[in-house]
Amino acid sequence: MTLDEIGDWRKTHYTNEITPKLVDQEVILGGWVRNFRDLGGLRFIILQDKMGERQITVKKGKVADDLFEKSKMGSQYCIMVKGRVKPFKAAPGGVEIIPSEIRILNGTPEKLPIDMSGETVSELDLRLNHRALDLRSKRNEAIFGIRGETIKAIRKFLFERDFTEITTPKIIGSATEGGTELFPIMYFDKEAFLTQSAQLYKEQLCGVYEKVFEISPCFRAEKSRTKRHICEIFVLDVELAFGNMHDILKLLEELVYYVIEQIRENQMPSLQFLNMENKTVLPEIPLKRYKYDEILEILNSKFKIEMEWGEDISTEAYRKLGEELKYYYYITHWPMSIKPFYIMPSKDPNYSESFDLQMGMLELTSGGTRVHNKQRLIDALESKGLNPKSFEYHLNAFDYGMPPHAGFGLGIARWITFLCGLDDIREAVMYPRTPDRLTP
Ligand code: AMO
């Protein structure tokens, strides 16, 4: 196959802009061959680009002979087409394009490693191995359309409420939350780590900008091989000064509502493609709030699961909860013993001003009111067996008028998994990182 140069051709439109309004106009489109059908004297090319797809109809006798010869396409060839728009009800967008010239910019092997016709969905690991190709599928168009809308809507919602978008370091000198699960790296001749959370920095910055958020990668060196865990996560971190957990519970449920509203408004075809139009629906807000103790009670009375007070909820128990509570809900007032040092204890110090946002069995968010008094924070660090000396720089920020504050962290991929009805979190990430996957 001889390849063409792009030359001075530039796209005049995206495919979705080709509507019956443009009938008889000449347009230039560019993209990839999603489907090619050869009926002898008649050939159909379905051309996809980032916005959608349109049909190119090549009829022998109607187009120049050399163009007809050239129009034999392989799946996912990269091509540009110049042609006129004609009405055709049965084709995508109610139009077809009759080409006057086609430029083939790049080809593909005869057999692709994964199915791109949309007839079957190849096995996930195989698709992930060929992710740049796989991401062109209709399924991924829908998933990442919804993901894009989610992130756009989050930003819009927070900017409208005067939040400042912050960026905090991802390379850190010591553990953020004092936990394990950090990836060590070499920072010149010193050991450093990839951050597991923007927690400490967002707290410091809400003492400057009052209302802050960040959407950024965090790294978790957990060897969990589940359909809910990945090692590089993308987290929405929010922190709000002059408020507490209750302000955050209200803010977060409004955010969840707004994002789903925007997805339904702007990504309905994607929801429909994924059969989620009747599942990804607006939740009733305020969301139901259950205290940790009430959850224990439900687990005990409905499922005969006896949990020791102070234990974390096991996967099995969450699974049962998911059967009972098939909606978004909060679990609040967790035992202080299983919460990080920066979380504010309740009046009864066995409990804490903390919460998780759940969707069925899936934990989407954790958050709470923070300790803003330096001495209390030092005591909290010590009571968790951490050395305040290692947190000196963070603690310094509390010397200079740190306001009371609260916040949350929401795992974007976890939420997309639910919003799109996916079985495996890896489908919600362009290039997932797991204990077994570091490529592509
Ligand atoms: P947490 O550790 O609960 O809280 O993380 C916040 C949210 O991030 C998501 N998440 C994950 N998603 C996929 N794979 C993982 N391995 C993974 N780990 C976490 C979850 C989780 O709810 N600093 C606190 C937040 C805060 O208090 O503001 C924190 O990081 O959806």
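The values are calculated or read from the model by the stated rules, or taken from the named source; none is laboratory data. Since this is a predicted model, take the numbers as computed values, not measurements. As a convention, Cβ positions derive from the backbone with ideal geometry for all residues, glycine included, and neighbour counts pool all protein chains shown.
When the stretch 227-258 is filtered for residues that are touching a Ser or Thr at 6+ places or on another chain (Cβ under 6 Å) and not in a loop (DSSP other than H, G, I, E, B), only Met245 remains.
Is it true that Lys190 is free of Cβ contacts under 8 Å to residues at least 24 places away in the same chain and of a type outside the set (Gly, Ala, Ser)? Even if it seems obvious, please write down each step before you answer.
Numbers: free of Cβ contacts under 8 Å to residues at least 24 places away in the same chain: yes; of a type outside the set (Gly, Ala, Ser): yes.
Against the criterion (free of Cβ contacts under 8 Å to residues at least 24 places away in the same chain and of a type outside the set (Gly, Ala, Ser)), Lys190 qualifies.
Screening the stretch 380-406 for residues that are out of contact with any helix residue (DSSP H, G or I) (no Cβ under 8 Å at 6 or more places or on another chain) and small (Gly, Ala, Ser) and picking the one that is surrounded by the most Cβ atoms within 10 Å (Cβ to Cβ) gives Ala380. Of the numbered criteria (1) closer than 28 Å to Glu261 by Cβ; (2) exposed (fewer than 15 other Cβ atoms within 10 Å of the Cβ); (3) polar (S, T, N, Q), the one Asn140 fails is (2). Kindly check whether there is at least one residue in the stretch 415-430 that is more than 10 Å from the ligand (Cβ to nearest atom) and assigned to a strand (DSSP E or B). No; the residues of the stretch 415-430 include none that is more than 10 Å from the ligand (Cβ to nearest atom) and assigned to a strand (DSSP E or B).
Can you find a residue in the stretch 156-163 that is farther than 30 Å from Leu386 by Cβ, assigned by TED's automatic domain parsing to the domain that holds Pro403, touching a residue at least 40 places away in the same chain (Cβ under 8 Å) and buried (at least 16 other Cβ atoms within 10 Å of the Cβ)?
Residues of the stretch 156-163 farther than 30 Å from Leu386 by Cβ: 156-162.
Narrowing the set further to residues that are assigned by TED's automatic domain parsing to the domain that holds Pro403 leaves 156-162.
When the remaining residues are screened for being touching a residue at least 40 places away in the same chain (Cβ under 8 Å), the result is 156-158, 161-162.
Restricting the remaining residues to those that are buried (at least 16 other Cβ atoms within 10 Å of the Cβ) gives 157-158.
Looking for residues that are farther than 30 Å from Leu386 by Cβ, assigned by TED's automatic domain parsing to the domain that holds Pro403, touching a residue at least 40 places away in the same chain (Cβ under 8 Å) and buried (at least 16 other Cβ atoms within 10 Å of the Cβ), one finds at least one in the stretch 156-163, hence yes.
Confirm whether Arg264 is in a loop (DSSP other than H, G, I, E, B) and closer than 19 Å to Trp415 by Cβ. Before you say what the answer is, go through the steps one by one.
Values: in a loop (DSSP other than H, G, I, E, B): no; closer than 19 Å to Trp415 by Cβ: yes.
When the stated conditions are applied, Arg264 does not pass them.
Listed by position, the helices (runs of 4 or more DSSP H) inside the stretch 120-195 whose residues that are within 16 Å of the ligand (Cβ to nearest atom) and either small (Gly, Ala, Ser) or at pLDDT 95 or above (or both) number at least 3 are 138-160. Selection of first residues in the stretch 230-248 that are closer than 29 Å to Phe183 by Cβ and assigned by TED's automatic domain parsing to the domain that holds Leu357 and of second residues that are among the basic types (Lys, Arg) and within 9 Å of the ligand (Cβ to nearest atom), restricted to Cβ pairs under 7 Å at least 6 apart or on distinct chains, gives the following pairs, ordered by first then second residue: Cys231/Arg220; Ile233/Arg220; Asp237/Lys202; Glu239/Lys202. With respect to being away from the ligand (no atom under 11 Å from the Cβ) and within 18 Å of the chain's Cα centre (by Cα), Ser216 fits the description. The combined condition, being part of a strand (DSSP E or B), closer than 20 Å to Leu3 by Cα and under 32 Å from the mean Cα position of the chain (by Cα), is fulfilled by Ile46.
For the stretch 274-293, the candidate set comprises residues that are in contact with an Asp or Glu (Cβ under 8 Å, 6 or more places away or on another chain) and farther than 21 Å from Glu353 by Cα; within that set, the residue that is surrounded by the fewest Cβ atoms within 10 Å (Cβ to Cβ) is Leu282.
For the stretch 61-113, the set of residues classified as in a helix (DSSP H, G or I) and either under 28 Å from Asp134 (Cα atoms) or not assigned by TED's automatic domain parsing to the domain that holds Leu39 (or both) consists of Lys70, Pro92, Gly93, Gly94, listed by residue number. Scoring Ser224 on the criteria (1) buried (at least 16 other Cβ atoms within 10 Å of the Cβ); (2) near the ligand (Cβ under 10 Å from one of its atoms) leaves a single failure, condition (1).
Quick one: would you say Tyr329 is under 26 Å from Asp247 (Cβ atoms) and within 25 Å of the chain's Cα centre (by Cα)? Yes; evaluated as a whole, the condition is true for this residue.
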